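Peer 1: Please see the structure below; I have some questions.
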Amino acid sequence: MKNNQSERKKSSMPLRINRKSFLGVVSLIAQELIESISTKFKLKKPKEEEVLSNVRLKAEPNNPNSVLSIIDNYAYKKTFLMNIGDEKGLLLENAINESKANNILELGVYLGYSTIRILKNLDKNSKLTSIESNKRFAEIASEIINIAGLSEKHNLIIGKSNEVISTLKEKYDFIFIDHWKDLYLKDLKTLEENDLIENNAWIFADNVILFNLEDYLDYVRSSPKYKSKFIPAKREYSKSHPDGVEISIFKNEV
Ligand SMILES: C[S@@+](CC[C@H](N)C(=O)[O-])C[C@H]1O[C@@H](n2cnc3c(N)ncnc32)[C@H](O)[C@@H]1O
């Protein structure tokens, strides 16, 4: 695998946001502001509750694609949701299939969108453990995953990754990192220190361009323990704002 650093630019923008994505992020912040004012004054339910109501009302039970398309539709037509989205979601599904992983760890669940994309590709010998720190998001995700008919191979742990990781006992051969961006590198190192990463495991990190995750990228691209490649993509639910995912393969024998 080759390193591709061409999309990376040093950023002086607040929140370490990539310059090219700045306008997109400004529009997201405006949407979030409108959302929080509308919910504060009870003009509408929080968007996460609206997504759950939509899935309850409109999804075909036990049909993961029907659930995903209801969530995507909401994010494209109503307001932004911080799911991996449809374009990068397919990259995640391809990586799950190509890696042939059977013990997967996910950091950051939100409404269970990426969880469904992972679970729908697992064979009978594979399973997924997910960690989500927000209790209400975890409850919503759990119900949505259940409606999609995918709860059986799933273990959802409610808690902060830094507290949960040290309690994990098994090694993982695929780790999807998509929680708060300042925790990516710290949690990856904790996983290494706790010997929780299988040799040849795939580490799939979302939003590495949108949030200019330079420390994380420098680490996986320069450490002899990883062979790392970048896949460019657009930010979730955007046709123009750049983002991308980094896939790093772990070699514990180095
Ligand atoms: C970008 S969203 C996850 C989106 C999800 N992976 C998807 O694509 O559908 C990030 C989630 O990480 C959760 N989170 C943030 N910090 C966390 C932590 N330290 N441990 C576990 N979850 C965390 C947030 O509550 C939020 O739901």
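Read the figures in this text as sums done on the coordinates, not as results from a lab. Here the structure is a predicted model, which is why all the values come from computation and not from measurement. Neighbour counts are summed over all protein chains in view; Cβ atoms, including those assigned to glycine, are modelled from backbone coordinates with ideal geometry.
Peer 1: I need the calculated FRET efficiency for the pair ASN65 and GLU193, taking r as the beta carbon distance and R₀ as 35 Å, to the nearest 0.05. Kindly include the intermediate steps, with their values, before the conclusion.
Peer 2: Details: r = 39 Å, r/R0 = 1.10.
The pair ASN65/GLU193 has a calculated efficiency of 0.35.
Peer 1: Now for a separate question. Students often forget the sequence filter, so: which aspartates and glutamates lie under 12 Å Cα-Cα from LYS153 once same-chain residues fewer than 8 apart are removed?
Peer 2: Hits, sequence-local ones excluded: ASP123.
Peer 1: Please compute the contact order of the chain in relative form: average sequence separation of alpha-carbon pairs under 8 Å and at least six residues apart, divided by the residue count, as a percent.
Peer 2: Values: 453 pairs, mean separation 55.0, N = 254.
Once normalised by length, the contact order is 22 percent.
Peer 1: Put a dot 7 Å past each Cα toward the Cβ at ASN54 and GLU35; how far apart are the dots in nm?
Peer 2: Placing both labels 7 Å beyond Cα along the Cβ direction yields 1.1 nm.
Peer 1: May I pose another question? From the P(r) of the range 17-250, can you give the percent of Cα pairs sitting at distances over 32 Å? Let's see the in-between values first.
Peer 2: Numbers: 4326 of 27261 pairs.
Every Cα pair in the range 17-250 considered, those over 32 Å come to 16 percent.
Peer 1: Sticking with this one: Just subtract the alpha-carbon distance of GLU152 and ASP182 from 0.36 nm times their residue separation and send over the number in nm, one decimal. If you can, show how the numbers build up before the last one.
Peer 2: Details: separation 30, 0.36 × 30 = 10.80 nm, distance 3.15 nm.
Gain in length upon complete extension: 7.7 nm.
Peer 1: I want the local charge near ASN194. Using Cβ-Cβ distances under 14 Å, sum +1 for each Lys or Arg and -1 for each Asp or Glu among the other residues. Can you show the working numbers first?
Peer 2: Values: positive: LYS169, LYS171, LYS186, LYS189; negative: GLU163, GLU170, ASP187, GLU192, GLU193, ASP195, GLU198.
So the environment of ASN194 carries a net charge of -3.
Peer 1: Moving to a separate point now. Just to be sure I understand the model, the point goes 7 Å from the Cα along the line to the Cβ. What's the resulting LEU168 to LYS77 distance in nm?
Peer 2: 3.7 nm
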